[in-house]
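**Q** Just passing along the structure, written as structure tokens.
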Amino acid sequence: MTRIGYLIGSFAEDSLNRQLAEVLVGEAPERAETSEIDLRPLPLYDRHLDEDFPAEMTAFKEQVAAVDGLLLVSPEHNKGVPAPVKNAIDILTRPPKQGVLSGVPMGIAGASKSRFGTLSSQTQLRGMLPQLGVPLMGTPQMTVQVTDETFAEGAAGAEQLRRRAGHYMEALTAWIEQHAARG
Ligand SMILES: Cc1cc2nc3c(=O)[nH]c(=O)nc-3n(C[C@H](O)[C@H](O)[C@H](O)COP(=O)(O)O)c2cc1C
């Protein structure tokens, strides 16, 4: 089994990105085992915490260390990466020499009502994550413009998203397997 941990970058109860994550994990191939790694309990990182790392941060790092790869599903805030996602990335790289992010294969996805579907924030992540040692899947991309149809059961747009999600999750699972095989 390929263990994929998924992170959701929105804390909104009716989050579009949580809905997108549900479609994605619902379409994951049978050989993938998906579980959410919740960002909501994480305090805001500050470097003084390095000396006495909070339990929530340590638990979060342990959950990431226990999976084969990650899927980040996140909105875009002010054309950039939302604060909870940046905070999570910072936590995963700390304390110095004790980071757990480097080498973890990852895919990114996002939904927004904008025509660009989180493209700006995904572009930021594409600049940032490889520099942290993350093997980041290049294609297929999953930038989703949400319309009234996207999550409406039986709608053509929802069916189209499901097919796209299946293709994406197959590619992500293969990407993670490839990197796991290389060690
Ligand atoms: C502070 C803030 C900034 C936002 N900036 C953007 C943006 O730059 N681009 C965009 O597409 N949507 C932006 N939005 C709208 C979000 O995409 C929208 O709220 C969407 O529903 C977020 O996904 P979520 O439902 O999963 O939280 C912004 C929302 C907030 C609260």
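**Q** Given (1) buried (at least 20 other Cβ atoms within 10 Å of the Cβ); (2) touching a residue at least 60 places away in the same chain (Cβ under 8 Å); (3) within 16 Å of the ligand (Cβ to nearest atom), identify the lone condition not met by GLY107.
**A** Result: GLY107 fails condition (3) only.
**Q** Give the residue, chosen from ILE176, ILE89, that is over 23 Å from VAL23 (Cα atoms), buried (at least 16 other Cβ atoms within 10 Å of the Cβ), among the β-branched types (Val, Ile, Thr) and away from the ligand (no atom under 16 Å from the Cβ).
**A** Being over 23 Å from VAL23 (Cα atoms), buried (at least 16 other Cβ atoms within 10 Å of the Cβ), among the β-branched types (Val, Ile, Thr) and away from the ligand (no atom under 16 Å from the Cβ) holds for just one of ILE176, ILE89, which is ILE89.
**Q** Follow-up question, since we're still on this one. Against the definition (away from the ligand (no atom under 16 Å from the Cβ) and of a type in the set (Gly, Ala, Ser)), how does ALA83 come out, yes or no?
**A** Details: away from the ligand (no atom under 16 Å from the Cβ): no; of a type in the set (Gly, Ala, Ser): yes.
In short, no.
**Q** Considering only residues of the stretch 110-125 that are touching an Asp or Glu at 6+ places or on another chain (Cβ under 7 Å) and not in a loop (DSSP other than H, G, I, E, B), which is surrounded by the most Cβ atoms within 10 Å (Cβ to Cβ)?
**A** Out of the qualifying residues, it is GLY110.
**Q** Select from the stretch 119-137 the residues that are of a type in the set (Gly, Ala, Ser) and either in contact (Cβ under 8 Å) with a residue 12 or more places away in the chain or within 16 Å of the ligand (Cβ to nearest atom) (or both) and write down the one among them that is nearest to VAL73 (Cα to Cα).
**A** Looking at residues that are of a type in the set (Gly, Ala, Ser) and either in contact (Cβ under 8 Å) with a residue 12 or more places away in the chain or within 16 Å of the ligand (Cβ to nearest atom) (or both), I get SER121.
**Q** A follow-up question, please. Tell me, yes or no, whether the stretch 155-163 has at least one residue that is over 14 Å from the mean Cα position of the chain (by Cα), outside any helix (DSSP H, G or I) and surrounded by 14 or more Cβ atoms within 10 Å (Cβ to Cβ). Walk me through how you get there before you give the answer.
**A** So the first thing to find is which residues in the stretch 155-163 are over 14 Å from the mean Cα position of the chain (by Cα), and the list is 155-163.
This time we only want the ones that are outside any helix (DSSP H, G or I), so: 155.
Then drop every residue that is not surrounded by 14 or more Cβ atoms within 10 Å (Cβ to Cβ), which leaves 155.
There is at least one residue in the stretch 155-163 that is over 14 Å from the mean Cα position of the chain (by Cα), outside any helix (DSSP H, G or I) and surrounded by 14 or more Cβ atoms within 10 Å (Cβ to Cβ).
**Q** Further question: Given the criteria within 15 Å of the ligand (Cβ to nearest atom) and touching a residue at least 12 places away in the same chain (Cβ under 8 Å), does LEU39 qualify?
**A** Criteria met by LEU39.
**Q** Quick one: which residue in THR147, THR118, THR173 is at pLDDT 95 or above, more than 25 Å from PHE60 (Cβ to Cβ) and of a type in the set (Val, Ile, Thr)?
**A** It is THR147.
**Q** Of the conditions (1) out of contact with any helix residue (DSSP H, G or I) (no Cβ under 7 Å at 6 or more places or on another chain); (2) outside any helix (DSSP H, G or I), THR147 satisfies every one except a single condition; which number is it?
**A** (1)
The values are calculated or read from the model by the stated rules, or taken from the named source; none is laboratory data. Nothing here was measured: the structure is a model prediction, and the numbers come from that model. FYI the Cβ positions are ideal-geometry reconstructions off the backbone, even for glycines, and counts take in every protein chain you see.
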